[in-house]
Amino acid sequence: METFLIRALQLVLSLSLLVIIHEGGHFFFARLFKIRVEKFYIFFDPWFSLFKFKPKNSDTEYGVGWLPLGGYCKISGMIDESMDTEQMKQPAQPWEFRSKPAWQRLLVMVGGVVMNFLLALFIYSMILFTWGEQYVALKDMTYGMKFNEQAQEIGFRDGDILLSADGEELDRFGMDMLRSVVEAREVHVLREGTETTVLMPELSLLDVAKQDPPFMTAYQPNVIDSVLPGEAFDRAGIAKGDTIVAVNDAPIRSWNEFLDQMADIQARAEVAQQPTATLSVVRSRNGVRDTLAMETNEQYKVGAIGGWLDYKVTSIDYGFFESFPAGIALGVNTLNGYVNDMKYVFTKEGAKSVGGFGTIGSIFPKVWDWERFWSMTAFLSIILAFMNILPIPALDGGHVLFLLYEIIARRKPSDKFLEYAQMVGMGLLFALLIWANFNDVLRFLF
C-alpha cells in the first residue's frame, strides 16, 4: 500500500506540473495577443470543481477539477473541449481567438507543446548539472554480454563485447543501445580478442524488449560477491570468492545462468506446493570442488549476491552552462527514440502494450528518488509534447493542421466542420483512454 501511495503521489505531482506548464503555454500566447482566457484548470471539472477562484478585475477563473485526465484553458471564441457552441453563434468580439490573425492563433495552439519540450530540456539539463552522468562504457565491460537463445541463433556468443551497429559506436548499455542493435544490419563485436561481424535479420524492438530471458544483458561471472549470515549459502559454508559450478547437476557458467536455474527451481517447487527448494550445489574454492546440499528459505532465496564486477565507471560532471547543451542533446535523443518507437504502436502487439495511468505510474520508483522523479517527468513531458502535436482533431496538432490549411488556402474551415472534427477527435481520444486503462486492468488481473 505504501508503494502504491508513493507512486500515485509522484504521478499526480508530475502530471500536475506538466498540465500547468502545457496550459501555461497556451495562456501566455493568448494573453500576449490580448485574447481572453475564461478558465485555466488543472484537471477537468464536469459538473463541479474541487477548487476555484477568480481574481478581482480578471477575466480568468482558475481552478482544480476532480477528473485527473489533463487540464485546459477555455479561450474565448474557439471550439475546444468545452464545446461552447453557443458562444460561437454570437458576433465575433475583438478579444476572441477567432478575431485574431492566423499566425497569432497558430502560436497560441503550439504554445503548450513548445513549453512542454522546453521544460523537458530544462529538466534534463538540471539533472545533469545536479547529478552528472555515471555509466559503465560497453568497451569497459570486459566480460561482455550474456545472450538469450534467439540472439545466439542470430550469431552472438556469450562474452561478446559490443563495439558498433551499422558503423555507429555503441558506448553504453541501455534502451538506445538495444534499439541500435535491433535496427542495424551489421553489429560488430569483440570476440576473444578478434573483431567479428554479426549480420542482423529483421527484428521488432517491441518483441525483443519483452523477451524473458532478455535478448542481451550484462554477463556476470559465477563468483560469489557477498553472503547473508544465516541464509542457505552461509549455512552450507559458501563464502565470498567461491565459484558456483553446478546446481542440481546443471552446469553453471555465469551468475546469469544461476539466476535462471533458480527461477526454474522455484517454479517447480511452487507447482509442487513445496515451501522451500532443496539444492545440490557444486562449489569451487581455490581450484577444489565440493558438492554441498542445502535448502532455500521460504522465498526460495539462497541469501547471496554474485557476479559483481569492479568495472570502470565513467563519471561526467557538468557545470551550469555546460549542462544546457548536454541536456538539449539528451532531450532531442529521447524524442528521436520515442518517435522512432511509435511505429510499433500500430502493430497488434503494440496495441496490446498501450498502457494507461497504471502503466505510467509504474515507471516511477517504489521509493522517493528525486533524480528518477525528474527524469520520468522530463520523459513524460517529451511524450506529452509529441502526442499533442499529432494532427488529430481535439489535440493541439489538429488545430494546427486546420490553421495551416487556412494560411495556405486563405479561407477558414466552417465552424460546423470544426465542431464535428472536435467531437470526432474527442471520441477517438476517449476510446484510446478507455483501451489503455483496460489493458492495465487486464495486466493486473492476469
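Quick notes on this structure:
- Looking across the stretch 369-384, the residues that are of a type outside the set (Val, Ile, Thr) and either more than 23 Å from the chain's Cα centre (by Cα) or outside any loop (DSSP other than H, G, I, E, B) (or both) come down to 370, 371, 372, 373, 374, 375, 376, 378, 379, 380, 381, 384.
- Only one of the numbered conditions (1) among the aliphatic types (A, V, I, L, M); (2) open to solvent by 40 Å² or more (accessible area, probe 1.4 Å); (3) in contact with a Leu (Cβ under 6 Å, 6 or more places away or on another chain) is violated by residue 175, and that is (3).
- Per this entry, residue 425 is not counted among residues that are closer than 20 Å to residue 114 by Cβ, open to solvent by less than 40 Å² (accessible area, probe 1.4 Å), of a type in the set (Gly, Ala, Ser) and assigned to a helix (DSSP H, G or I).
- Residues that are under 30 Å from residue 9 (Cβ atoms) and among the polar types (S, T, N, Q) were ranked within the stretch 315-368; the one that is modelled with the highest pLDDT is 323.
- Residues in the stretch 34-61 that are among the small types (Gly, Ala, Ser) and within 35 Å of the chain's Cα centre (by Cα): 1 in all.
- Filter result for residue 107 (closer than 23 Å to residue 399 by Cα and surrounded by fewer than 16 Cβ atoms within 10 Å (Cβ to Cβ)): no
- Unique match (being under 28 Å from residue 48 (Cα atoms), of a type in the set (A, V, I, L, M, F, W, C) and touching a residue at least 40 places away in the same chain (Cβ under 8 Å)) among 145, 109: 109
This table checks each residue for (1) open to solvent by less than 20 Å² (accessible area, probe 1.4 Å); (2) free of Cβ contacts under 8 Å to residues at least 60 places away in the same chain; (3) closer than 22 Å to residue 386 by Cβ; (4) among the small types (Gly, Ala, Ser).
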site	(1), (2), (3), (4)
3	no, no, no, no
28	no, no, yes, no
37	yes, yes, no, no
51	no, yes, no, no
58	no, yes, no, yes
62	no, yes, no, no
69	no, no, yes, no
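- Criterion violated by residue 132 - all others in (1) exposed (fewer than 14 other Cβ atoms within 10 Å of the Cβ); (2) in contact with a helix residue (DSSP H, G or I) (Cβ under 6 Å, 6 or more places away or on another chain); (3) not acidic (Asp, Glu) satisfied: (2)
- Residue tally, condition without any contact (Cβ under 8 Å) to a residue 24 or more places away in the chain and among the polar types (S, T, N, Q), over the stretch 161-218: 3
- In the stretch 196-230, the residues that are part of a strand (DSSP E or B), closer than 15 Å to residue 145 by Cα and of a type outside the set (Val, Ile, Thr): 216, 218
- Residue list for the stretch 166-195, filter: in a strand (DSSP E or B), within 24 Å of residue 256 (Cα to Cα) and either within 26 Å of the chain's Cα centre (by Cα) or at pLDDT below 85 (or both): 172, 187
- Total residues in the stretch 153-162, condition buried (at least 19 other Cβ atoms within 10 Å of the Cβ) and not in a loop (DSSP other than H, G, I, E, B): 2
- Applying the criterion of at least 3 residues that are open to solvent by 60 Å² or more (accessible area, probe 1.4 Å) and over 25 Å from residue 146 (Cβ atoms) to the strands (runs of 3 or more DSSP E) found wholly in the stretch 265-312 leaves 288-295.
- Taking the stretch 385-417 as the range and being part of a helix (DSSP H, G or I) and open to solvent by 50 Å² or more (accessible area, probe 1.4 Å) as the test, the residues that pass are 387, 389, 401, 404, 405, 407, 408, 415, 416, 417.
The values are calculated or read from the model by the stated rules, or taken from the named source; none is laboratory data. Since this is a predicted model, take the numbers as computed values, not measurements. Quick reminder, even Gly has a Cβ in these numbers, built from the backbone with ideal geometry, and neighbours come from all protein chains shown. Calculation scope for accessible area: heavy atoms of the full protein, side chains included, ligands and nucleic acids excluded. Shrake-Rupley method; radii C 1.70, N 1.55, O 1.52, S 1.80 Å.
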